[in-house]
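**Q** Before we start, here is the structure in question, set down as structure tokens.
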Amino acid sequence: MSLLEVTNLGISFGGLRAVDEFNISIEEGELYGLIGPNGAGKTTVFNMLTGIYKPTDGKIFLDGTDITGKKTAEINKAGVARTFQNIRLFGDQSVLDNVKIGLHNSFKYGTATGIFRLPKFFNTEKKMDEKALEILSVFGLDKFADVLASNLPYGKQRQLEIARALATNPKLLLLDEPAAGMNPNETKDLMNTIALIRKEFGVTILLIEHDMKLVSGICEKLTVLNFGRVLSQGQTSTVLNDPEVIKAYLGE
Amino acid sequence: MKMEKLKKLTTGSNKSTTKLIATIAVIVILYAVMTILDATGSLTSLMKGLLVPVCAYSLVAVGLNLCVGYLGELSLGHAGFMCVGAFISAFFSKAFRGTIPDVPRFIIALVIGTFFAGLFGFLIAIPVLRLRGDYLAIVTLAFGEIIKNVINVLYVGIDGKGVHFSLKDMMALGMEPDGTVIVNGAQGITGTPRQSTFTIAVLLLIVAVIVTHNFVNSRTGRAVKAIRDNQIAAETVGLPITKYKLIAFTLSAAIAGVGGVLYAHNISSLTATTNTFGYNMSIMILVYVVLGGIGNFSGSIIAATLLILLPEMLRGLANYRMLIYSIVLIALMLFNWAPSILKWREEHGLKAIIKKKKEVQ
Ligand SMILES: Nc1ncnc2c1ncn2[C@@H]1O[C@H](COP(=O)(O)OP(=O)(O)O)[C@@H](O)[C@H]1O
Ligand SMILES: [Mg+2]
């Protein structure tokens, strides 16, 4: 059974059919790419997968459980985490706290314990600090732990967003244009990091990308979206040589 | 390497502890100054009468700052929560005046007043916090007004048969001759024991500052701030939005309730007018929060203290009083918000000086 199984997913905004008859099947451990021109509906697919939009049609199964139309927070607890095309960090909090918020559901103590500073407060906070630093160090961000998230340079903000998503301990990680706005060096670093977290965290990854080099370099499978519909799907090499794809996307 | 990092992080959390200690120091200094002025007889009786109200409104401002600064929601009804705390605790204190000794009665009144203010906050927040934008401001504004108006026509009396309510007049209570009227319509509650001393008020203010500080620097507080910073991102990392908004708003209303309890036990005649608990007051409290700095609890206290005491201190200047008052308002606003001054404070302010000293060491 696949980790993610999506059948006939579709959504309409008024008269606009943004995504139609979208199917995808992702196996555990895969690194999967979702590509397509601007406005093709890629981000909309992510928004449906994470419950930010309710799909008009279709079903989404994660590990065999139906998560269609569930609340975003529930879907995260079920094992889906994501990043955003236009970064959404908790800008007024430190880098460390951003990751600790990702750890919120794995390390618990109550509101009263926090207010009265009971021993459990100190124990749990210490464990959270350690875990958060461990995750940050994978990205080399541990030295920025007490910097405000909004003060990080752009490329590091993207990495912090991935770190925060990983902190929720997901089975499936959705990355929306992780290399957007990065220079070639940063992009290369990012590719390495993505390959590394996949190994280290044992997480399945679906990523949206514009950068062809990044996609062909690391994704095993691709789905190409055009005008909300699947244009081509399969092994990376096959898809990249599909004449339809070359005509619609790569050619221009 | 890791140990080093952790040690550094503890310094990070020390930063917020330093801020807390500074806030408490500010309160203690203000307390000492006022007590000395009082002992040397340099306080007018009007000024003396303002000491407890200053603490009461500071508490409400701290509560509102939790709501505005950390939850990121605008409430225009915090005077309403203060009002709930005031009337419920005063009702209790008056009703049990003869039956429970002073100290435990005041403590119970405090608990009850705080609890009910929090409960009202909770009940209002359930429907409203699910909405976005200005709805909370509008509904809390309406709530404050409704509470005030209901209390103005509310009659409650106690006699041998139990408690009687009416929204018409005293006669409609139908009381036995031995009964007493406790809430008397627009005249409110008279004869509440005057138990709020300046010392108790300052102690409660310090407790509130510690509670809010610990709250915003805990797991729950982080979640609340995350929701404020970016609600969609907060949902995608699995935070239950409504739950944390409810917790923060309830706590904020409860703290306003503590202010109400203090206020009610400082005057012998408690009435609900526009200036004590109406939208006028709610807006004034918002002014304290904004001028003192959103998210900055000690700022709220300083702003409330200055702006409540100032008109009194300037009384000698007669006609120029309000002119100077407005100049101080503008000066405060500039001091807290003007970009060039913010920059100057960053470089030359108290924190910068402390930091430099440490670097030298
Ligand atoms: N909330 C929305 N309301 C209306 N139209 C939307 C909404 N979200 C996305 N769309 C439309 O859906 C289409 C696909 O957008 P998107 O998924 O962002 O494309 P991309 O592939 O570039 O990520 C666009 O035409 C966009 O305008
Ligand atoms: Mg997009």
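**Q** When you look at A:Val230, is it part of a strand (DSSP E or B) and open to solvent by 20 Å² or more (accessible area, probe 1.4 Å), yes or no?
**A** On the way: part of a strand (DSSP E or B): yes; open to solvent by 20 Å² or more (accessible area, probe 1.4 Å): yes.
Criteria met by A:Val230.
**Q** Can you tell which of A:Leu190, A:Leu206 is in the same structural domain as A:Gly41 (by TED's automatic domain parsing), at pLDDT below 90 and hydrophobic (A, V, I, L, M, F, W, C)?
**A** Details: A:Leu206 fails: at pLDDT below 90.
Of the residues listed, the single one that is in the same structural domain as A:Gly41 (by TED's automatic domain parsing), at pLDDT below 90 and hydrophobic (A, V, I, L, M, F, W, C) is A:Leu190.
**Q** While we're here: Would a scan of region B:61-83 turn up a residue that is among the aliphatic types (A, V, I, L, M) and under 15 Å from B:Ala264 (Cα atoms)? Give the derivation first.
**A** Of region B:61-83, the ones among the aliphatic types (A, V, I, L, M) are B:61-62, B:64, B:66, B:68, B:71, B:74, B:76, B:79, B:82.
Keeping just the survivors that are under 15 Å from B:Ala264 (Cα atoms) gives B:79, B:82.
The answer is yes; a qualifying residue exists.
**Q** Filter region A:30-83 down to the residues that are in contact (Cβ under 8 Å) with a residue 12 or more places away in the chain, within 16 Å of ligand 1 (Cβ to nearest atom) and within 14 Å of another protein chain (Cβ to nearest Cβ) and list them by number.
**A** Those that are in contact (Cβ under 8 Å) with a residue 12 or more places away in the chain, within 16 Å of ligand 1 (Cβ to nearest atom) and within 14 Å of another protein chain (Cβ to nearest Cβ): A:Thr43, A:Phe46, A:Met48, A:Leu49, A:Thr50, A:Gly51, A:Ile52, A:Tyr53, A:Lys54, A:Thr72, A:Arg82, A:Thr83.
**Q** A further question follows. Given the condition within 29 Å of B:Ile227 (Cβ to Cβ) and in a helix (DSSP H, G or I), answer yes or no: does some residue in region A:78-85 qualify?
**A** Of all residues in region A:78-85, those within 29 Å of B:Ile227 (Cβ to Cβ) come to A:78-85.
Cutting the leftovers down to in a helix (DSSP H, G or I) gives us A:78.
Yes: region A:78-85 contains one or more residues that are within 29 Å of B:Ile227 (Cβ to Cβ) and in a helix (DSSP H, G or I).
**Q** With the structure loaded, tell me whether A:Gly29 is assigned by TED's automatic domain parsing to the domain that holds A:Pro178, modelled with pLDDT under 95 and within 16 Å of the chain's Cα centre (by Cα) or whether it fails that test.
**A** yes
**Q** Mind counting the residues in region A:25-34 that are of a type in the set (A, V, I, L, M, F, W, C) and within 16 Å of ligand 2 (Cβ to nearest atom)? Write out each step before concluding.
**A** Keep residues of region A:25-34 that are of a type in the set (A, V, I, L, M, F, W, C), which gives A:26, A:31, A:34.
Remaining after also requiring within 16 Å of ligand 2 (Cβ to nearest atom): A:34.
Residues flagged as of a type in the set (A, V, I, L, M, F, W, C) and within 16 Å of ligand 2 (Cβ to nearest atom) within region A:25-34 amount to 1.
**Q** Any idea which residue in region A:62-86 is nearest to B:Pro240 (Cα to Cα), counting only those that are among the hydroxyl-bearing types (Ser, Thr, Tyr) and surrounded by 15 or more Cβ atoms within 10 Å (Cβ to Cβ)? Please lay out each step first, then the result.
**A** Initially, region A:62-86 is screened for residues among the hydroxyl-bearing types (Ser, Thr, Tyr), giving A:65, A:68, A:72, A:83.
Of the ones still in play, those that are also surrounded by 15 or more Cβ atoms within 10 Å (Cβ to Cβ) are A:68, A:72, A:83.
On the way: A:Thr68: 18, A:Thr72: 9, A:Thr83: 18 Å.
Of everything passing the filter in region A:62-86, A:Thr72 is nearest to B:Pro240 (Cα to Cα).
**Q** Within region B:133-156, is there a residue that is free of Cβ contacts under 8 Å to residues at least 40 places away in the same chain and either open to solvent by less than 10 Å² (accessible area, probe 1.4 Å) or touching a His at 6+ places or on another chain (Cβ under 9 Å) (or both)?
**A** Yes - at least one qualifying residue is present in region B:133-156.
**Q** Report, by residue number, each residue of region A:175-195 that is within 16 Å of ligand 1 (Cβ to nearest atom) and either more than 23 Å from A:Thr44 (Cβ to Cβ) or not acidic (Asp, Glu) (or both).
**A** A:Leu175, A:Pro178, A:Ala179, A:Ala180, A:Gly181, listed by residue number.
**Q** Got a sec? Which of A:Leu160, A:Leu141, A:Leu152, A:Leu133 is over 29 Å from A:Lys213 (Cα atoms), away from ligand 1 (no atom under 16 Å from the Cβ) and not assigned by TED's automatic domain parsing to the domain that holds A:Met48? Please lay out each step first, then the result.
**A** Working: A:Leu160 fails: over 29 Å from A:Lys213 (Cα atoms); A:Leu141 fails: over 29 Å from A:Lys213 (Cα atoms); A:Leu152 fails: over 29 Å from A:Lys213 (Cα atoms).
After ruling out the rest, the residue left standing is A:Leu133.
**Q** Restricting to region A:35-61, and then to whatever is crowded, with 20+ Cβ neighbours inside 10 Å, away from ligand 2 (no atom under 11 Å from the Cβ) and within 15 Å of A:Asn23 (Cβ to Cβ), can you tell me which residue is nearest to the chain's Cα centre (by Cα)?
**A** My answer is A:Leu49.
The values are calculated or read from the model by the stated rules, or taken from the named source; none is laboratory data. These numbers come from a predicted model, not from an experiment. Cβ sites come from the backbone with ideal geometry, for glycine too, and all protein chains shown count toward neighbours. In case anyone asks, the SASA skips ligands and DNA or RNA and just uses the protein heavy atoms, side chains included. Shrake-Rupley method; radii C 1.70, N 1.55, O 1.52, S 1.80 Å.
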